[in-house]
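Notes follow once the structure below has been shown.
The values are calculated or read from the model by the stated rules, or taken from the named source; none is laboratory data. These figures come from a predicted structure and were not determined experimentally. Using ideal geometry, Cβ is built from the backbone for each residue, glycine included, and neighbour counts are taken over all protein chains shown. Surface areas here come from the heavy atoms of the whole protein model, side chains and all, with no ligands, DNA or RNA. Shrake-Rupley method; radii C 1.70, N 1.55, O 1.52, S 1.80 Å.
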Amino acid sequence: MHQLPAVTLVLVALGSLGSVDSSAYDKIVTHSRIRARNQGPNVCALQQVLSSKKKYFSTCRNWYKGSICGKKTMVVYECCPGYMKLEGMKGCPAVAPIDHVYGTLGLIKATTTQQYADISKLREEIEGKGSFTMFAPSNEAWNQLDAETRAALVSNVNIELYNALHFHMVNRRLLTKDMKDGLTVSSMYNEQGLHINHYSNGIVTVNCARIVLGNQVATNGVVHVIDRVISAVGNTIKNYLDVNDELSSFATAALASDMMDKLDQPGHFTLFAPTNEAFLKLSPGYLERIMKDKAVIAALVNYHILNSAQCSEAIMAGSVYETAEGSAIEIGCDGDSLTVNGIKMVLKKDIVATNGVIHLIDQVLIPNSAKDVMELMGDSQTTFKDMVSELGLAAAMGPKTEYTVLAPVNSAFTYEVKSKDQDWLKLILENHFLKLKVTLSELYNGQLLETLAGNLLRVFIYRTAVCIENACMLRGSKEGSNGALHNMKSLIQPAEKSIYQILIADGRFKIFLSLMETAGLTDLLKQEGSYTIFAPTDDAFGGLSQEDLALLRSDVTALRTILLYHFSNGVFINGGLEGGVTNLLKTFQGYNLQVMSVNDSIHVNSVSVPDGDLMATNGVIHVVKNVLYPADLPVGRQDLLVLLKKLIKYIQIKFVAGFTYTEIPLTFIKRTFETRFESGPEITKVTRVIKGEPSETKFTIEGESTLTKVTRVIQSEPTQSKVTRVIETDASPVLTKVTRFIEENPTVSKVTVIEGKPSFTKVTRVIEGAQFDADGKGITGGGRHTARIEPQIIEGPDFSKITTIHGNPSLINEESERITKIIQEGGRFAAARRAPAGMRRRARLVRRHHKPRE
């Protein structure tokens with residue numbers, strides 16, 4: 001009598017040797033044991049669904065929610081598998097006695113299976129030698145079996161019942177740790193397959209029957225109690241569709257999409273198969289339309305397929321699964337019913353096939369990829385959808401037209417918007433349709449999107465938001481068969497004026513604009529770019545007198561320091577700011593602005609913004625009624641400190657004697673200059689953009705008109721340029737050709753001269769306060785000064801025409817001799833020649849007048 005417990009301990013030890021790598025089922029049982037540790041040793045806590053006998057070793061998620069499949073549960077305590085209670089002792093201190101498989105059936109109260117094993121002559125086999133695994137249906141499982149089927153089994157105990165029990169057996173021992181997900185093992189009935197799934201929530205199923213009590217070790221194997229009677233499986237999912245007339249519509253769609261072959265291949269699939277009645281619920285003409293598009297019908301079919309076998313008993317709560325189409329669906333449960341995307345639609349569940357499981361549903365699942373864009377709009381965009389239809393904009397949105405819809409939600413259509421003229425509404429709504437399909441992942445900052453009306457919309461990307469012009473996106477972007485849909489928080493209204501034009505037209509910013517002009521910063525308001533400006537109104541300067549404003553204008557460096565602290569590079573609108581935190585915006589002045597967005601309002605440096613998001617073609621304006629100043633930037637002058645204290649009262653300005661503002665390079669301002677180059681009758685206009693503050697100098701040389709042609713001679717056959725300086729008067733010009741040689745004191749045997757109509761570059765230099773006679777001598781107040789006018793080569797961008805002479809020796813020789821003669825005689829520019837060595841050159845008297853830069 002005392003030897004049995006010893007044998008039991010040995011067998012339990014043998015059974016646990018292979019349990020080092022625990023399975024999900026084993027881990028769930030362990031957690032259940034921990035939850036019941038206050039109840040004594042070897043006690044497990046289970047959840048039992050109220051008003052049912054279903055019990056679960058549950059996950060933490062279900063445990064803390066206190067529900068399974070949406071139904072309330074109560075906690076029950078039972079002995080963990082393999083242990084028993086002893087009278088008068090707490091918990092389950094005893095190890096259950098070990099017996100053969102037949103005896104173990106009685107021990108775990110699977111008495112109906114034990115009875116059927118007895119009358120079908122299976123008892124002798126499962127009491128004898130061997131190593132068996134029996135998946136024994138519980139008594140409740142036999143009671144759930146169809147009465148007619150059960151009667152047929154019992155009436156033919158020697159054949160049907162015997163074979164049925166053999167189908168529940170495997171000719172080797174399998175513990176739950178050995179049951180890998182997707183495993184198929186051969187049963188003892190004609191080696192028919194048993195399909196095992198082991199889920200991450202600890203549920204283990206055999207042909208979709210759940211193991212409710214596992215790992216009951218016997219002397220000749222192991223017993224697992226399951227919650228239903230299982231039957232043999234021989235068909236694939238395709239075979240089932242072929243022979244089931246109720247699913248003919250889905251089978252037709254699967255054939256058209258070339259997906260039927262996939263459903264005939266080995267694998268582990270779940271098919272949510274819509275019945276024929278489900279297809280009748282579709283919109284008229286929808287099925288006929290998509291059947292013409294193979295990609296769309298394939299998307300629809302694949303949306304009903306999961307690449308994993310999901311038995312209904314494995315679903316304890318809503319979970320998201322990826323479909324073969326690529327998007328996800330939520331599979332959940334409501335009591336004993338399965339739900340898809342939160343809807344009860346499963347008519348029949350757990351139809352087991354050799355390559356998966358089928359659930360029949362009464363609705364067709366339509367993915368976004370099988371809808372056109374207008375069909376993607378939901379209840380939150382009904383106002384927009386209705387207006388698009390009423391205004392005749394929907395006609396351009398055919399199923400074969402690729403486009404993107406920026407759909408404002410219903411709350412964007414306020415009473416004020418709805419009361420607008422229909423022509424205005426139509427123009428506004430046209431800005432919500434883009435010519436091409438643009439998905440969320442394809443958008444980038446600074447991108448320009450073209451609307452169907454031909455307008456361009458700007459894209460702004462922020463840390464937590466994506467905005468188009470003044471409107472930001474909400475979550476829920478979708479992709480359809482012919483485009484994309486993005487939900488917009490407000491109506492999109494593209495800017496039409498620059499920052500400068502808006503400030504001028506507004507009328508509240510006269511002082512600010514005047515100071516910008518004094519500081520030379522007006523171009524910043526006009527030029528192209530993307531800027532954010534916190535513009536102070538005239539009220540912000542209300543505490544200053546005319547003397548104060550004059551003092552402010554007198555120090556341009558200080559004025560620029562103050563004004564540029566109101567500008568940031570980039571467009572930052574309220575919807576793009578991260579709410580509830582401080583957003584740091586670096587200004588052109590160098591210091592940061594501290595901007596917060598709270599309850600759809602903006603605060604900058606703790607100053608409220610009463611009017612924000614005034615969109616301009618080159619940025620956005622936020623109106624402030626205070627002048628902004630960096631809190632940690634000191635002032636070095638007492639008079640300026642007094643002025644700033646009148647102007648800025650929300651911070652304490654620091655004073656540091658002798659501190660001076662650093663001059664800010666205006667590299668962000670783009671200036672445009674126009675240069676005219678004349679070449680014959682043609683005028684070439686060249687615009688050069690220089691960043692910074694350029695200097696502008698005008699020249700005029702007054703005196704005798706002289707036409708100087710400077711020819712650069714290179715000994716070879718180079719491409720050569722003529723550079724000509726023209727000095728205009730009413731007198732006839734004197735033409736002098738000067739040749740410059742590359743080498744010093746060269747011996748020239750042949751000089752190549754480039755001839756042709758010269759290109760003229762007009763250069764006017766003004767030398768004020770001096771007059772010259774025809775010989776170039778200066779005359780001032782009766783005195784006489786000699787001025788040397790030296791030949792110069794004007795260097796710079798070469799916009800002149802280049803003329804080359806090929807194969808004309810006569811002309812070349814003639815010109816060479818004539819130029820050599822002019823040089824030897826000295827010509828009009830003899831005074832400009834270099835003085836002999838050792839001779840001191842006379843200083844030239846040149847009167848220079850310096851003008852301040854403009």
Review point. Rounded to a whole number, what % of the accessible area of region 24-95 do carbon and sulfur atoms account for, probe 1.4 Å?
Key: 54 percent
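So, by mean Cβ neighbours within 10 angstrom, what's the order for 290-301, 424-435 with the highest one leading?
Sorting 290-301, 424-435 by mean packing, highest first, produces 290-301, 424-435.
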Practice item. Could you pull out the trypsin sites (Lys or Arg not before Pro) across region 43-136 that fall in loop regions by DSSP (anything but H, G, I, E, B) with no more than 14 other Cβ atoms inside 10 Å? Key: LYS53, LYS90, LYS109, LYS121, LYS129
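What is the gain in length, in nm to one decimal, between SER51 and MET84 on full extension, counting 0.36 nm per residue of separation less the C-alpha to C-alpha distance?
9.2 nm
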Exercise for review: Please work out the Cα center distance from region 45-74 to region 574-629, rounded to the nearest Å.
Suggested key: 52 Å
Check your understanding: Can you give the FRET efficiency for SER283 and LEU393, using 1/(1 + (r/R0)^6), R0 = 25 Å, r = Cβ-Cβ distance, to the nearest 0.05?
Key -> 0.75
Revision key, fill the gap. Subtracting the Cα-Cα distance of LYS649 and GLN447 from 0.36 nm times their residue separation yields 68.7 nm
Revision key, fill the gap. Quick calc, ARG150 & THR382: beta-carbon distance into FRET formula, R0 51 Å, rounding 0.05, result 0.40
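Which of the chymotrypsin sites (Phe, Trp or Tyr not before Pro) found in region 436-498 are loop residues per DSSP with 15 or fewer other Cβ atoms within 10 Å of their Cβ? Intermediate values should be presented prior to the final figure.
On the way: sites: TYR444, PHE460, TYR462; in loops: TYR444, TYR462.
Here the sparse-neighbourhood loop sites are TYR444.
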Practice item. Evaluate the distance, in nm, between pseudo-label points positioned 7 Å from the Cα of ILE343 and of LYS497 along their respective Cα→Cβ axes. Key: 5.1 nm
Practice item. Rank these residues by their accessible area, most exposed first, probe 1.4 Å: ARG210, ARG553. Key: ARG553, ARG210
Review point. Quick one: if the Förster radius is 30 Å, what FRET efficiency do GLN39 and SER200 give, using the C-beta to C-beta distance and rounding to 0.05?
Key: 0.65
Review point. Quick one: Cα centre-to-centre distance for region 457-509 and region 129-150, in angstrom?
Key: 65 Å
Study note, to complete from the structure: Rounded to one decimal in nm, the spacing of the 7 Å Cα→Cβ label points at SER22 and LYS65 is 2.4 nm
Point to revise | Under 16 Å between alpha carbons - lysine pairs in region 19-142 that sit 8 or more apart or on different chains | key: 12
**Study point:** Long-range tail of P(r) for region 422-567 (Cα pairs > 25 Å, %)
**Key:** 46 percent
Practice item. Report the chymotrypsin sites (Phe, Trp or Tyr not before Pro) located in region 84-160 that are in a DSSP loop and have at most 16 other Cβ atoms inside 10 Å of their Cβ, or state none. Key: none
Check your understanding: What full-extension length gain, to one decimal in nm, is calculated for VAL598 and ASP181 as 0.36 nm per residue of separation minus the Cα-Cα distance?
Key -> 145.1 nm
Revision key, fill the gap. Net charge near GLN39 (other residues with Cβ under 12 Å of its Cβ; Lys, Arg +1; Asp, Glu -1) is +4
Exercise for review: Just add up the charged neighbours of LEU255: K/R +1, D/E -1, any other residue whose Cβ is under 11 Å from the Cβ of LEU255.
Suggested key: -2
Review point. Sorted by mean Cβ packing within 10 Å, highest first, what order do the peptides 592-600, 146-154 take?
Key: 592-600, 146-154
Exercise for review: Report the label-to-label distance for ASP242 and LYS625 in nanometres (one decimal), using points 7 Å from each Cα along the Cα→Cβ vector.
Suggested key: 8.1 nm
